[in-house]
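Working notes for the structure below.
The values are calculated or read from the model by the stated rules, or taken from the named source; none is laboratory data. Being a predicted model, the structure only gives us computed values, none of them experimental. Positions of Cβ are backbone-derived with ideal geometry, glycine not excepted, and every protein chain shown enters the neighbour counts.
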Amino acid sequence: MGEYKLMKGNEVIAIAAIRCGCDGYFGYPITPQSEVMETLMEEKPWETTGMVVLQAESEVASINMLYGGAASGKKVFTSSSSPGISLMAEGLTYLAGAELPCVVVNVVRGGPGLGTIQPAQSDYFQAVKGGGHGDYYLIVLAPASVQEMNDFMDLGFELAFKYRNPVMILSDGIIGQMMEKVQLSPEKPRWTEEEIQKISGSWATIGKTPDRQRHIATSLDLDAASQERFNHKLQAKYKTINENEVRYEEFMCDDAEYLIVAYGSGARISQKAVELARAEGIKVGLFRPITLFPYPTKAIQNRVPQLKVILSVELSAGQMVEDVRLAVEGKIPVDFFGRVGGMIFSPEEIVDAIKTKLVGRK
Amino acid sequence: MKEEIIIAGFGGQGVLSMGKILACSGIMQDQEVTWMPSYGPEMRGGTANVTVILSDDRISSPIVNAYDTAIILNQQSMDKFEQTVKPGGTLIYDPNGITKHPTRKDISIYKIAAAEEAVKMKNAKVFNMIVLGGFLKIKPIVKMENVIAGLKKSLPERYHHLIPMNEEAIEQGMKIVEKIS
């Protein structure tokens with residue numbers, strides 16, 4: 001096991017990408033994630049692993065460069081923050097439609113519009129329910145620590161290539177800007193051309209050989225019947241992802257009568273609220289979805305019989321709460337507590353919400 | 001052990017790097033640490049603050065609004081953070097530029113004339129290390145050897161020749177910090 005380092009979440013994203021054998025980064029600066037590209041530029045991986053780092057002229061250019069890299073079977077990623085991700089929405093649905101693997105990091109800031117540079121979790125809908133058009137899903141991972149920023153880079157690429165699907169790491173200004181102790185993953189070399197041939201040779205545009213049809217990376221299919229068949233294939237893939245890739249963490253749930261559901265930085269702050277409430281004898285637990293798509297619906301359902309009320313705690317006006325309600329199917333009440341616009345709730349504010357919205361619920 | 005600290009002052013005073021060195025020192029002795037800066041459209045002369053938590057156990061929230069120790073280095077930060085110290089907690093401040101001194105009776109208050117001392121030492125840049133020394137005298141939560149190891153970790157190698165100077169500043173800070181109430 002490697003030694004511990006003190007690093008920012010954004011810095012770790014850059015270092016973890018280099019270490020897991022990433023081939024290329026294409027991005028455009030935006031607060032609060034600019035350290036990702038800054039760190040890559042400082043590290044100069046093009047001199048060591050051969051990884052390409054390129055500041056594109058815009059977010060639209062970045063996501064389309066990603067499309068090109070992904071189409072040739074390379075491990076490529078980009079990072080941005082909320083308004084930048086909106087600009088990438090078209091590219092994301094094209095990547096999903098062309099079944100191209102890539103990793104996109106969103107270090108979320110408050111919105112809507114240009115909003116603020118302070119942290120928020122108000123891009124849940126955009127990440128989980130679409131953002132771009134069409135029936136598609138991104139695989140969405142929600143890190144709650146700097147260590148998970150490291151771990152999810154490698155995991156992100158693994159899932160992206162396993163399912164030929166874009167993966168989003170949905171972080172925010174807290175996790176991105178905060179420094180914590182982190183243990184970096186072991187270094188992996190970049191894939192050789194032979195390895196790319198073996199892993200992605202059945203679809204990647206890596207040069208036509210006489211024995212096969214041309215590979216085309218496209219999402220266009222004008223024949224409706226064929227497009228329907230393709231959509232069914234995509235949906236079958238999402239079903240498999242739903243069955244196999246759900247990840248979550250539970251804290252003090254065994255004897256809980258009340259449950260907080262929170263993800264990412266919201267879960268970190270909620271965990272302290274649970275500790276404080278427990279010290280006052282309130283039987284409350286914390287459920288943290290780690291994958292937001294696929295959502296841990298069944299795991300939440302399994303907790304319902306022992307619970308009186310659930311509280312979804314988010315740095316938004318209430319987005320994930322809809323998925324909690326879908327999971328609960330109206331069996332028990334689901335309430336919501338949040339702060340918006342870049343303001344961050346304190347653990348004590350959540351404790352107050354536990355007392356008024358859970359324990360004191362009329 | 002768990003210590004929740006806010007360090008607050010002007011941008012350019014070394015607030016963030018002082019927090020980083022403290023967090024690095026914690027890692028050197030196998031503690032869990034978080035370092036959460038206020039970030040924003042801020043600049044030299046604006047306000048800067050950082051929350052540093054050192055703990056023997058896993059840290060849940062990096063965001064807290066009540067602190068065991070507040071290290072306060074300008075008047076704006078005094079206005080903002082004096083009331084956030086937990087009852088029985090500690091407030092350390094540099095009186096330089098302070099017009100309204102702390103008045104709370106339920107906390108321990110210490111004064112460290114670090115800006116003045118830095119001038120005496122003819123090195124304004126060691127200001128934050130003098131303050132760190134004062135803090136460590138009152139709350140020896142990390143060992144001096146680990147602070148030096150932390151300095152080595154957080155400074156690029158080309159600055160390692162400056163470590164003895166920083167060490168001296170920390171020791172000076174330990175000497176000049178004084179209890180007020």
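Side notes on the structure shown:
This table checks each residue for (1) β-branched (Val, Ile, Thr); (2) in contact with a Leu (Cβ under 6 Å, 6 or more places away or on another chain); (3) surrounded by fewer than 16 Cβ atoms within 10 Å (Cβ to Cβ).
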position: B:ILE5; (1), (2), (3): yes, no, no
position: B:GLY9; (1), (2), (3): no, yes, no
position: B:GLY12; (1), (2), (3): no, no, yes
position: B:VAL15; (1), (2), (3): yes, no, no
position: B:GLY26; (1), (2), (3): no, yes, no
position: B:VAL33; (1), (2), (3): yes, yes, no
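- Per-region count, segment A:50-70, residues in a strand (DSSP E or B) and of a type in the set (S, T, N, Q): 1
- The one condition from (1) closer than 26 Å to A:ASP151 by Cα; (2) among the aliphatic types (A, V, I, L, M); (3) away from chain B (no Cβ under 14 Å); (4) assigned to a strand (DSSP E or B) that A:ILE300 does not meet is (4).
- Residue within segment A:273-295 that is at positive phi and either more than 14 Å from every other protein chain (Cβ to nearest Cβ) or under 16 Å from the mean Cα position of the chain (by Cα) (or both) present: yes
- When each of A:LEU222, A:LEU234 is tested for being outside the structural domain of A:PHE161 (by TED's automatic domain parsing), more than 18 Å from the chain's Cα centre (by Cα) and under 23 Å from A:VAL140 (Cα atoms), the lone residue that passes is A:LEU234.
- Residues satisfying the stated conditions in segment A:228-272, i.e. among the polar types (S, T, N, Q) and free of Cβ contacts under 8 Å to residues at least 12 places away in the same chain: A:ASN244
- Scanning segment A:46-60 for residues that are among the small types (Gly, Ala, Ser) and over 22 Å from the mean Cα position of the chain (by Cα) returns A:GLY50, A:ALA56.
- Residue check, A:LYS75 over 19 Å from A:SER265 (Cβ atoms) and under 18 Å from the mean Cα position of the chain (by Cα): yes
- All positions within segment A:155-196 that are within 14 Å of chain B (Cβ to nearest Cβ), β-branched (Val, Ile, Thr) and over 23 Å from A:TYR295 (Cα atoms): A:VAL182
- Residues that are in a loop (DSSP other than H, G, I, E, B) and more than 27 Å from A:ARG268 (Cβ to Cβ) do occur in segment B:70-81.
- Verdict on A:GLU348 being more than 14 Å from chain B (Cβ to nearest Cβ) and at pLDDT 95 or above: no
- Among (1) free of Cβ contacts under 8 Å to residues at least 40 places away in the same chain; (2) crowded, with 20+ Cβ neighbours inside 10 Å, the one test that B:MET129 misses: (1)
- Count of segment B:36-74 residues, restricted to those that are more than 14 Å from chain A (Cβ to nearest Cβ) and within 16 Å of the chain's Cα centre (by Cα), is 8.
- Considering each residue of segment B:95-104 in turn, at least one proves to be of a type in the set (D, E, K, R) and more than 14 Å from B:GLN13 (Cβ to Cβ).
- Complete set of residues in segment A:143-154 that are within 14 Å of chain B (Cβ to nearest Cβ) and not in a loop (DSSP other than H, G, I, E, B): A:VAL146, A:GLN147, A:GLU148, A:MET149
- Of the listed requirements (1) of a type outside the set (A, V, I, L, M); (2) under 21 Å from A:ILE174 (Cβ atoms); (3) more than 14 Å from chain B (Cβ to nearest Cβ), A:GLY91 misses just one: (2).
Residue-wise test of (1) within 23 Å of B:ALA23 (Cα to Cα); (2) over 14 Å from the mean Cα position of the chain (by Cα); (3) assigned to a strand (DSSP E or B); (4) modelled with pLDDT under 95.
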| residue | (1), (2), (3), (4) |
| --- | --- |
| B:VAL119 | no, yes, no, no |
| B:MET129 | yes, no, no, no |
| B:GLY134 | yes, no, no, no |
| B:VAL142 | yes, no, no, no |
| B:LYS153 | yes, yes, no, yes |
| B:ILE163 | yes, yes, no, yes |
| B:ALA169 | yes, no, no, no |
| B:GLY173 | yes, no, no, no |
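- The residue of segment B:35-83 that is surrounded by the fewest Cβ atoms within 10 Å (Cβ to Cβ), among those that are among the charged types (D, E, K, R) and without any contact (Cβ under 8 Å) to a residue 24 or more places away in the chain, is B:ASP79.
- Subset of segment A:30-45 (residues that are away from every other protein chain (no Cβ under 13 Å) and surrounded by fewer than 20 Cβ atoms within 10 Å (Cβ to Cβ)): A:GLU38, A:MET41, A:GLU43, A:LYS44
- Segment A:100-122: number of residues that are buried (at least 20 other Cβ atoms within 10 Å of the Cβ), more than 14 Å from chain B (Cβ to nearest Cβ) and outside any strand (DSSP E or B): 4
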